[in-house]
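In what follows, a single structure is set out as structure tokens and then discussed.
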There are 6 protein chains.
Amino acid sequence: MQRPSGRKPEQLRDVRITRQYTRHAEGSVLVEFGDTKVLCNASVAAEVPRFLRGQGGGWITAEYGMLPRSTGSRMGREAARGKQGGRTVEIQRLIGRSLRAAVDLKALGEHQITLDCDVIQADGGTRTASITGACVALVDALRYMQREKMITTDPLINMVAAISVGIYQGEAVLDLDYPEDSNADTDMNLVMAEDGGMIEVQGTAEGAPFTEHQFAEMLALGKAGIKELVELQKKALAE
Amino acid sequence: MQRPSGRKPEQLRDVRITRQYTRHAEGSVLVEFGDTKVLCNASVAAEVPRFLRGQGGGWITAEYGMLPRSTGSRMGREAARGKQGGRTVEIQRLIGRSLRAAVDLKALGEHQITLDCDVIQADGGTRTASITGACVALVDALRYMQREKMITTDPLINMVAAISVGIYQGEAVLDLDYPEDSNADTDMNLVMAEDGGMIEVQGTAEGAPFTEHQFAEMLALGKAGIKELVELQKKALAE
Amino acid sequence: MQRPSGRKPEQLRDVRITRQYTRHAEGSVLVEFGDTKVLCNASVAAEVPRFLRGQGGGWITAEYGMLPRSTGSRMGREAARGKQGGRTVEIQRLIGRSLRAAVDLKALGEHQITLDCDVIQADGGTRTASITGACVALVDALRYMQREKMITTDPLINMVAAISVGIYQGEAVLDLDYPEDSNADTDMNLVMAEDGGMIEVQGTAEGAPFTEHQFAEMLALGKAGIKELVELQKKALAE
Amino acid sequence: MQRPSGRKPEQLRDVRITRQYTRHAEGSVLVEFGDTKVLCNASVAAEVPRFLRGQGGGWITAEYGMLPRSTGSRMGREAARGKQGGRTVEIQRLIGRSLRAAVDLKALGEHQITLDCDVIQADGGTRTASITGACVALVDALRYMQREKMITTDPLINMVAAISVGIYQGEAVLDLDYPEDSNADTDMNLVMAEDGGMIEVQGTAEGAPFTEHQFAEMLALGKAGIKELVELQKKALAE
Amino acid sequence: MQRPSGRKPEQLRDVRITRQYTRHAEGSVLVEFGDTKVLCNASVAAEVPRFLRGQGGGWITAEYGMLPRSTGSRMGREAARGKQGGRTVEIQRLIGRSLRAAVDLKALGEHQITLDCDVIQADGGTRTASITGACVALVDALRYMQREKMITTDPLINMVAAISVGIYQGEAVLDLDYPEDSNADTDMNLVMAEDGGMIEVQGTAEGAPFTEHQFAEMLALGKAGIKELVELQKKALAE
Amino acid sequence: MQRPSGRKPEQLRDVRITRQYTRHAEGSVLVEFGDTKVLCNASVAAEVPRFLRGQGGGWITAEYGMLPRSTGSRMGREAARGKQGGRTVEIQRLIGRSLRAAVDLKALGEHQITLDCDVIQADGGTRTASITGACVALVDALRYMQREKMITTDPLINMVAAISVGIYQGEAVLDLDYPEDSNADTDMNLVMAEDGGMIEVQGTAEGAPFTEHQFAEMLALGKAGIKELVELQKKALAE
């Protein structure tokens, strides 16, 4: 088996995390996994959704979008069509859930942090890049809140990162790019905490079902990949 | 650990599968997992979505809905609100993907089968009950198509069933009902083929992340549960 | 003239009223007029629409839907299309108006009862079956409110029932089923109170206009039919 | 009983029918019932709705709207709110159905006539004024089609007119204006053909149910009123 | 160059301004520029948009619509399509902005005036006719507010009027009608105050770009036209 | 008068034009006017809108969006709200109209070029930056079409650029940034061709009306600014 990119099965693409990419957001990160580029902006607001009001805790939510020409052929603009597609809804719910696992919501107080993940250029793995980048933007937003005395303790529990794994030409591979993704038999997205705790596992057989053995192989690859990603996140945050 | 229902950790609820529940659909199944009741209707149409036209293959899709008072407190009707919620969209995409894995789409010819899964009464596990029931309705629709000479071979590859597993009070349990589901630390939905092939794995940490060991326990419980469900499906189809 | 079902002109279909059909709603009735099956759920809420707030009175409203495959060929799901059709809107307004005539809204206090009428299987007459079934569900909800001490008197003024009548092959017939309805020259829906008071009369010439004489014949048939229905409602409520 | 306007129970308001009110439509009528003013424009198109294509027959449909300040307090604009309300939908369906009864749709050929009824000023009875005015606009459109040789025979079967009747302070009255309408116990809309055939009867008890006797009184008043209206229509068409 | 209407380049169409055209609105004006007829209703409300609440000032806003058959061929009804088109949105924003320049918003107190401009018949120049007519309706609404003691001073600063100018067959012309507008190389809308102050200039090259010289010519024509319009507005208001 | 940025009245911000900013679009330009950053992607499609089909000519259209956190406080995402706001619609119509003036649509053949202008970071002047950047992306798309032999001649007539001018503290200034824009008395957007032809002039009095003299000053500033911009466009295209 030869990956189209020439990478080894367990090899991530070049990952770059650029903080303070735009100037208005409380956290603003451009995350790049090879040619996949996602801008992750964290916005802090001093109010929470209705169902949480008056309970003293906070909330983290996410929105996801692709620029119409982030992809090989132009996709219709969701704002123009007047609704977000099913895939978009699914992804933004996943991002929100994943990042809520990074934070002690009680310690956030009655604040909401919204993570806007907008895909500038797509080459596979946009949802896992979004989670990985958004966690860094989230930390910047939490630091902002501490500087501004909006909160007195650090609500971060765990760094959270995500990666895709899949079965490509019968073999488990890490971090699928678009040419792999569109030909993979199985596609799995893993979200894990820095301590190895599992937050979300979403494996889907695109063609034939996968076996438990393949599943275990993918899990092992993903675990190692996430470890690398957390190191990159921490390095970026140390700068 | 004591389950609210008194069931053992590996014990399914009473599962009932009633075929020909309504008279218009080509396949019509009421599936009950304890107090969870879902009506699964399969409709055959002699046309496929635009992206498949003229290619000779078929398609399987699903729509999901909850009656407004299928739940403890009344939910707003999606038709009245003018849009399907994110959870609905996520679930109907899962049902569609899962059942496409049951069938050789080429052998379907240019036909589409739509599986409408409408929850009459909810008590946890509606999406996995939907998949399990819809597969039976799908088989009835395929038999109809064969009787009507719309197709000449049986496109069914595999029976497909689904179950939820979770970590409740620290322990892995099978087939969560609502009181368990709303208190579980982890909720996992498994979709598998009758031969044990994995089609979809969706595990979500609701509170703390889960460990690989817990994950393996849940997988084992789910696998056994799906085996039982496939037997019940086959028994129903033999009647 | 021979009715397709073999019934006499003044003969209702077999009508069955099953209470407590689902377990969450304060009133839950499955009403069957032959092959027409409608689930009518009554939900009690301790708030009223904005235009009634602070005035001490209550409100009764209704929503109506058809499951996509309740009909011979699949209808698009209104939630997926993002709007309720004109027929749906018309019917749910009729159901709401009709049942408000059954109740002393002042005596309801500031509560709203929503009647969800969802058609599981359609064979003509779904709107009149909905009204007839919803009135029973409404009574169950009122009894619940009395048990729960939400109200101290019984707001019910009158049982309300509804039936369709029409001119089929030149002759007036009661309770049209789908084969009759789709060929009738005139279709009339009657809503009456148990004391014979008229609540709603909606007669429509589908083809040629109808005469006053035909109108009078239909009225007479309908009146007798509603009398029977009220007896069946009361019998069901006495169980 | 004294009517607010001083009219006798059986007395119509001043009715005026002005043809060629605007210059673009094939039929354009301003109809006035006292202070109620509705512009009824008929548009001819050489295509029919999808469900009729290729069958050789035509279609008549209607749309209804109220200018935001046609009423005492400003109503939100439906185009701005992004949807037509339930009352609007109900009314436009009624107008369309009523006028289809005026015409032999086969003789129309594959043409559609759309009747736009827009309320410039409202003072009760806008739906019945719409039907009465739209029928005149429809005849002008049919004459246009004959002049233009789009059709060779006159498809008109019957003039159609409509009027409201009601029980006001216990007594049956004809042609309710807004002060009466908002206090009436019962409101009934009658649509009849010039030969006395009944096309649509819609009676609604607003408060207490109405009796068969009251119903008969209203019917008699309405019948006489429609006779007068048909004469006015014919007079306008003769000019 | 010969204008289709035979008018001179600097000649307005016959302009008529009829006040109190309908009876419910606080200001109601039918404005006619030749065959272009727009009904402009001003509605006063004792509340302001959320972003202005509690600040003591008022707001003026506008909505614009065309009746479906105000034009040569029928346009779809925006309420039925479920959204206002881009042109509509653009025009109603222009009307609102223009009229806010006529009034001291502080002196309005916390009131909002909504100007509904509905085109009954279109023959070019509907947006400028709307502004010109709406300003008269606005003055009537301000007079009403003074009579009703809702305000104690007159918030009117300036009469505001608007006109279109364009380059038709190479020459600058005033007040384009539809045959000119649809063939013009350049179309410019001018909104000015009675004292000659410029409020809005919108010039658009439809075909070839226009020169500064042409621009100056159009400006001069427009300025003179607006002077005439303000006189007509004042004359109407003096009646 | 002192501009907040310290610029001279006739001074542009630093303008940067980066081509090939993303890799999928046929033309992809990041345009920066100081802190305003807009990504302009041009997409070529081999089909035209319905109203142009079969006529042999092409079309240019534009869509505009702001990332939710391109601004100082987060704006709601239009895709999530289910509709584009009035300002968005107005801007994208302006961009489309402006760029259609750059091109001989006949020479485009039956192709459509869509210009997606997405604001990554906003600091005033996003619409004029969009037009200026989109014109460069458009040229790249036209070059692509020539290389791919989709067209045989160059349809470009004129480079087109745009700039804002305004009256700030009584004085005319070029290229307003956000602090100026939000305090300007008048805001004018100018779109011109490289030969000085005027394509679009949109001047709006935000507070008091502006005089003809001020208008002339703004025009002169804008003209000079656009000259500079066209040079920058050409320099970028020469690289």
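No lab work stands behind these numbers, since they all come straight from the coordinates. Since the model is a prediction, treat every value here as computed from it, not as a measurement. Because the Cβ atoms are built from the backbone with ideal geometry, glycine has one as well, and the counts that use them run over all protein chains shown.
Quick one: is E:Val160 of a type in the set (A, V, I, L, M), closer than 27 Å to F:Met188 by Cβ and either within 14 Å of the chain's Cα centre (by Cα) or within 13 Å of chain F (Cβ to nearest Cβ) (or both)?
When the stated conditions are applied, E:Val160 passes them.
Considering only the range C:138-239, give the strands (runs of 3 or more DSSP E) lying wholly within it that have at least 2 residues that are of a type in the set (A, V, I, L, M) and closer than 24 Å to C:Pro4 by Cβ.
Because the criterion is at least 2 residues that are of a type in the set (A, V, I, L, M) and closer than 24 Å to C:Pro4 by Cβ, the strands (runs of 3 or more DSSP E) in the range C:138-239 that meet it are C:160-168, C:171-174, C:186-193.
Provide a single number: the residues in the range A:146-167 that are among the aliphatic types (A, V, I, L, M) and either closer than 13 Å to A:Asp116 by Cα or surrounded by fewer than 24 Cβ atoms within 10 Å (Cβ to Cβ) (or both).
5
Across the range B:207-222, what is the total count of residues that are touching a strand residue (DSSP E or B) at 6+ places or on another chain (Cβ under 7 Å) and either closer than 23 Å to B:Ile17 by Cβ or more than 9 Å from chain A (Cβ to nearest Cβ) (or both)?
4
Determine the pairs where a residue that is more than 17 Å from A:Met198 (Cα to Cα), located within the range A:148-169, has a partner that is polar (S, T, N, Q) and buried (at least 21 other Cβ atoms within 10 Å of the Cβ) with Cβ atoms under 9 Å apart, the partner being 6 or more residues away or on another chain.
What qualifies is A:Gly166/A:Thr186; A:Ile167/A:Thr186; A:Ile167/A:Gln214; A:Tyr168/A:Thr186.
What single numbered condition from (1) more than 10 Å from every other protein chain (Cβ to nearest Cβ); (2) farther than 29 Å from F:Gly86 by Cβ fails to hold for D:Cys117?
It fails just one condition, (2).
Return the residues of the range C:2-26 that are out of contact with any Leu (no Cβ under 6 Å at 6 or more places or on another chain), closer than 21 Å to C:Met145 by Cα and buried (at least 16 other Cβ atoms within 10 Å of the Cβ); say none if nothing qualifies.
Residues satisfying the conditions are C:Arg19, C:Thr22, C:His24, C:Ala25, C:Glu26.
Which numbered condition trips up B:Ala129, out of (1) of a type outside the set (Asp, Glu); (2) within 11 Å of another protein chain (Cβ to nearest Cβ); (3) buried (at least 23 other Cβ atoms within 10 Å of the Cβ); (4) touching a residue at least 40 places away in the same chain (Cβ under 8 Å)?
(2)
What pairs come up if the first residue lies in the range F:220-231 and is at positive phi and surrounded by fewer than 24 Cβ atoms within 10 Å (Cβ to Cβ), the second is polar (S, T, N, Q) and in a helix (DSSP H, G or I), and their beta carbons are under 6 Å apart, counting only those six or more places apart or on different chains?
Between residues of the range F:220-231 that are at positive phi and surrounded by fewer than 24 Cβ atoms within 10 Å (Cβ to Cβ) and residues that are polar (S, T, N, Q) and in a helix (DSSP H, G or I), there is no close pair.
Given the conditions (1) over 17 Å from D:Val230 (Cα atoms); (2) touching a residue at least 12 places away in the same chain (Cβ under 8 Å), and given that D:Lys8 satisfies all but one, which numbered condition is not satisfied?
Only one criterion in (1) over 17 Å from D:Val230 (Cα atoms); (2) touching a residue at least 12 places away in the same chain (Cβ under 8 Å) is unmet by D:Lys8, namely (2).
Could you look through the range F:185-219, keep only residues that are crowded, with 21+ Cβ neighbours inside 10 Å and among the small types (Gly, Ala, Ser), and pick out the one that is nearest to F:Ser98 (Cα to Cα)?
The extreme case among them is F:Ala193.
Tell me yes or no: at least one residue of the range D:113-130 is polar (S, T, N, Q), more than 20 Å from D:Leu229 (Cα to Cα) and assigned to a helix (DSSP H, G or I).
no
Of all the residues that make up the range D:170-184, how many are in contact (Cβ under 8 Å) with a residue 60 or more places away in the chain and crowded, with 21+ Cβ neighbours inside 10 Å?
6
Considering (1) without any contact (Cβ under 8 Å) to a residue 60 or more places away in the chain; (2) in contact with a Leu (Cβ under 9 Å, 6 or more places away or on another chain); (3) facing chain A (nearest Cβ under 10 Å), say which one F:Glu78 fails and leave the rest.
(2)
Tally time: how many residues in the range F:199-218 are more than 22 Å from E:Arg93 (Cα to Cα) and charged (D, E, K, R)?
Selection size over the range F:199-218: 2.
Which condition number does A:Ala172 fail, the rest of (1) among the small types (Gly, Ala, Ser); (2) under 25 Å from B:Glu206 (Cα atoms); (3) more than 10 Å from chain B (Cβ to nearest Cβ) being met?
Among (1) among the small types (Gly, Ala, Ser); (2) under 25 Å from B:Glu206 (Cα atoms); (3) more than 10 Å from chain B (Cβ to nearest Cβ), the lone unmet condition for A:Ala172 is (2).
Testing A:Arg69 on (1) touching a helix residue (DSSP H, G or I) at 6+ places or on another chain (Cβ under 8 Å); (2) within 20 Å of A:Asp181 (Cβ to Cβ), one condition comes back false. Which one is that?
(1)
Please work out which residue is nearest to the other protein chains (Cβ to nearest Cβ), limiting yourself to the range A:192-206 and to residues that are of a type outside the set (A, V, I, L, M, F, W, C) and under 21 Å from the mean Cα position of the chain (by Cα).
A:Gly197
Go over the candidates E:Ser73, E:Ser43 one by one and state the one that is among the hydroxyl-bearing types (Ser, Thr, Tyr) and either facing chain D (nearest Cβ under 7 Å) or surrounded by 15 or more Cβ atoms within 10 Å (Cβ to Cβ) (or both).
Only one candidate qualifies: E:Ser43.
Can you name every residue in the range F:90-111 that is crowded, with 18+ Cβ neighbours inside 10 Å and either within 13 Å of chain A (Cβ to nearest Cβ) or part of a loop (DSSP other than H, G, I, E, B) (or both)?
F:Ile91, F:Gln92, F:Gly96, F:Ala101, F:Ala102, F:His111
Report yes if some residue within the range F:106-114 is of a type in the set (Asp, Glu), closer than 22 Å to A:Gly76 by Cα, in contact with a strand residue (DSSP E or B) (Cβ under 6 Å, 6 or more places away or on another chain) and in contact (Cβ under 8 Å) with a residue 12 or more places away in the chain; otherwise report no.
no
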